[in-house]
Every structure is written in structure tokens, then in C-alpha cells.
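A.B. asks: First, the structure itself, so that you have it in front of you.
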Amino acid sequence: MSTQVIPDYTALARDIKHWARELGFAEAGISGVTLEQDEQHLNRWLEDGYHGEMDYMARHGSKRSRPDELEPGTQRVISVRMDYLPPGTQHAWDVLQDAEAGYVARYALGRDYHKLMRNRLQKLADRIRGAIGDFGYRAYVDSAPVLEKALARNAGLGWIGKHTVLINRLAGSYFFLGELYTNLPLPVDEAATAHCGSCRKCIDICPTQAIVGPYRLDARRCISYLTIELKGSIPEELRAPMGNRIFGCDDCQLICPWNKFAQDTSEPDFAPRHSLDGAKLVELFDWSEEEFLRRTEGMAIRRTGYEGWLRNIAVALGNAPSSEGVRAALLKRAEHSSAIVREHVAWALERHRQVP
Ligand code: SF4
């Protein structure tokens, strides 16, 4: 008769956090699966229509806020975070102020993080299996309906700031999150407490006033949504405030005082590719579809598609200082096969016509 050895879960939890760091994660924490208040917050956000065209946010019912409905048997969630700020990209404000350059969100400058983090989470699961034998788990990196920020907060990795991004007291907010749902009854960590206080810098700086109140983001106004998720025409009144932001936006994080503690990534794969941390708009607008696909292989930027790429850059060129080069670049795309691109190019050209 074989006797099953019950693992020492306290020691295992300690080992998991140690292995996570060995695998390149900055930190790991463990939470339970109760997210009642966050479920209410999510439902209200959906009722307000703040998710815009992101139908997938509403599609999965309570699976998003109830981990054991998404993966039956889940008792705990191991959340991990990985810093992504590439060294030398601290000059973000300079790029934002250079209206001839395109601003790409700092998280998207290098290789897409999804596969990399998933592989590491799989390795973490392998280490656990090596220690205790088979166990139930499922790894997620932005790949399923998961309330990752709330879970990470409950695991002690940070608090959700007024801009709705997770902030860590010792590392700011430039990090990715991933999760390992598991049936192991591990001891849970203490949830992180909030430290925004009376600050509202992120609310005030948002170029499109997308943070409509503390902890309330109207994604339909958010430049990340407009440049990545939205597939059609960008509302005209939001185009000028977009400035030169062509893929995502970091303003609410750049202004956050807690980011003076931000840590550079040690992950070489997140280093900027194709000088995207400040490339000239005219040059980026000149990329053919084939160049776009080749150069963005394995990068998050692919997600906007070539049409979205040209649309976003056309808006930024409409906001750039008038010059022969800018007008010529726009005119070259004025008869583009995409109606969306043509419309945004026409808007941009009109802006330059108004300049004496
Ligand atoms: S800028 Fe201020 S209010 Fe906004 S997340 Fe940071 S600390 Fe909180």
C-alpha cells in the first residue's frame, strides 16, 4: 500500500517564489480566488460601456472574476510580474515632445512578452511538479478572461492605481503580469495596500481625459485603445490630443511618482527594435506592408495591423509641424486602397492646409 506524502505547502510557497526569481520574474505572490468587489467593479465598468469594442471583456460572464469557473478545481493563483522597461528608454518625455517622432508605448518596443512569459510559467510549473509530483495547473498570460491586476494585488504584488494600472512600491508600474492557476492549497500572501493618497497626477495628465474619475477608465477615450484595439475610424475630437502617440500611451505611468522606483528589465528580448524608441514618423509611414510585417515579427505592434499602423501615423503626422516632407509623405498615401487610411490622411492634410 502506498502512502501519499502531503507536501509542506509553506515551504513549497517559499520555493515557488525563489524559483520564480531564478526564472527571471521580478516577484511572485499567491492569492485565493475570491474577487467579489472586483467583480462588481467590472460589471459596473461594462454597464457604463467603457470597454468600447472590446466585446471579449463582456463575453465570459463570471468566469473572469471567478477563477474556479474558468479552471475548475482552482484554489490558488500564483501571480508573477516581470519588469519590461528597457535600459536607456528613460527619455520618453523627449520623444513625446518631438512632434516629428512617433511614440511607442515602452512595453511594445521589443519582443512580444506573451510567449516568453508563458514559457517561463511552464518552467515554473515543471519545477513544482519536480518537487511534489503531478498537480493541477493552468498558465495564463493575457490569454484568457483573467482579472490579473486584482489577483496580483491580492497576491501582494502591488495596488491598482487611480489610472487602473498595478503599482509596486519598490518597482513602479512598468511590468507584465502572468498567472498560474492551481489546485494546490498554498498559503496566501497579504494583499497590497493602496498608496495613491490625494495624488491625481495621472487623471490630470491624460491627453484625452480617459480617466474619468479615480479608478475609472473609459477605454473608448484611452489612446492605448484607440491605437490598438479600435479597428475603425478614430473619433475626430480625440485625434489632436493623441499628439505623436502611434502605438499605446504611457503618460499616466510616466507622471506617476512611484515610477521613480521603476526597475530596468534584465530581459534582452525587450530591448527596442528598429530604433522604435524615437523613430521619425515620415520614415515609419513609408514602410510597405511587407516591411511592416517583417519588422514587427514577434512584436506586440503587429496587433494594430498595417492599416491601423498607417491610420495612427497619419494622425500623428496631422499633429506634426508642417513641412514639405510631412505633406509629401501624406500625399503619397492619399489614394491608399484602405478607406480608413484615406480618411485619416485627408484629415491630416487638412490640418496642414490650415497652417499659413
Ligand atoms: S499618478 Fe498618483 S494617483 Fe495616479 S496612479 Fe500614480 S500615485 Fe496614483
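A.B. asks: Pairs only if they're at least six apart or on different chains, beta carbon under 9 angstrom, first in segment 175-203 and closer than 30 Å to Ala131 by Cα and β-branched (Val, Ile, Thr), second at pLDDT 95 or above and within 13 Å of the ligand (Cβ to nearest atom); list them, first residue then second.
C.D. replies: From segment 175-203, no pairs qualify.
A.B. asks: Let me ask you something else. With respect to the numbered conditions (1) over 29 Å from Asp8 (Cα atoms); (2) surrounded by fewer than 24 Cβ atoms within 10 Å (Cβ to Cβ); (3) not acidic (Asp, Glu), which one is the sole condition not fulfilled by Val188?
C.D. replies: For Val188, the failing item is (1).
A.B. asks: Select, from Glu297, Glu291, Glu283, the only residue that is part of a helix (DSSP H, G or I), farther than 23 Å from Asp94 by Cα and acidic (Asp, Glu).
C.D. replies: Going through Glu297, Glu291, Glu283 in turn, the sole match is Glu291.
A.B. asks: Something else: Of the residues that sit in segment 211-229 and are surrounded by fewer than 22 Cβ atoms within 10 Å (Cβ to Cβ) and aliphatic (A, V, I, L, M), which one is farthest from the chain's Cα centre (by Cα)?
C.D. replies: Filtering segment 211-229 for residues that are surrounded by fewer than 22 Cβ atoms within 10 Å (Cβ to Cβ) and aliphatic (A, V, I, L, M), the one farthest from the chain's Cα centre (by Cα) comes out as Val212.
A.B. asks: Does segment 85-93 contain any residue that is farther than 20 Å from Val165 by Cα, modelled with pLDDT of 90 or more and not hydrophobic (A, V, I, L, M, F, W, C)?
C.D. replies: No; the residues of segment 85-93 include none that is farther than 20 Å from Val165 by Cα, modelled with pLDDT of 90 or more and not hydrophobic (A, V, I, L, M, F, W, C).
A.B. asks: Next question. Please give the number of the condition Arg200 fails out of (1) at pLDDT 95 or above; (2) in contact with a helix residue (DSSP H, G or I) (Cβ under 9 Å, 6 or more places away or on another chain).
C.D. replies: (2)
A.B. asks: Restricting to helices (runs of 4 or more DSSP H) lying wholly in segment 197-261: which have 2 or more residues that are within 16 Å of the ligand (Cβ to nearest atom)?
C.D. replies: 201-205, 251-254
A.B. asks: A further question follows. Just checking, does segment 145-158 include any residue being among the charged types (D, E, K, R), part of a loop (DSSP other than H, G, I, E, B) and in contact (Cβ under 8 Å) with a residue 12 or more places away in the chain?
C.D. replies: No - not one qualifying residue is present in segment 145-158.
A.B. asks: Right, another one. Which pairs turn up if I take residues in segment 252-281 that are more than 21 Å from Arg302 (Cβ to Cβ) and look for partners that are among the β-branched types (Val, Ile, Thr) and surrounded by 17 or more Cβ atoms within 10 Å (Cβ to Cβ) with beta carbon separation below 6 Å, at least 6 apart in sequence or on another chain?
C.D. replies: Taking only residues 6 or more apart or on different chains, the pairs are Trp258/Ile167.
A.B. asks: Within segment 317-331, is even one residue of a type outside the set (Lys, Arg) and under 16 Å from Gly232 (Cβ atoms)?
C.D. replies: The answer is no; no qualifying residue exists.
A.B. asks: When the residues of segment 89-107 are narrowed to those that are in contact (Cβ under 8 Å) with a residue 12 or more places away in the chain and farther than 20 Å from Pro241 by Cα, which ends up surrounded by the fewest Cβ atoms within 10 Å (Cβ to Cβ)?
C.D. replies: Result: His91.
A.B. asks: Are there any helices (runs of 4 or more DSSP H) wholly within segment 1-73 with 3 or more residues that are modelled with pLDDT under 90 and within 22 Å of the chain's Cα centre (by Cα), and if so which?
C.D. replies: Qualifying helices (runs of 4 or more DSSP H): 56-59.
The values are calculated or read from the model by the stated rules, or taken from the named source; none is laboratory data. Bear in mind that the values here come from a model prediction, so they are computed numbers and not experimental data. Cβ sites come from the backbone with ideal geometry, for glycine too, and all protein chains shown count toward neighbours.
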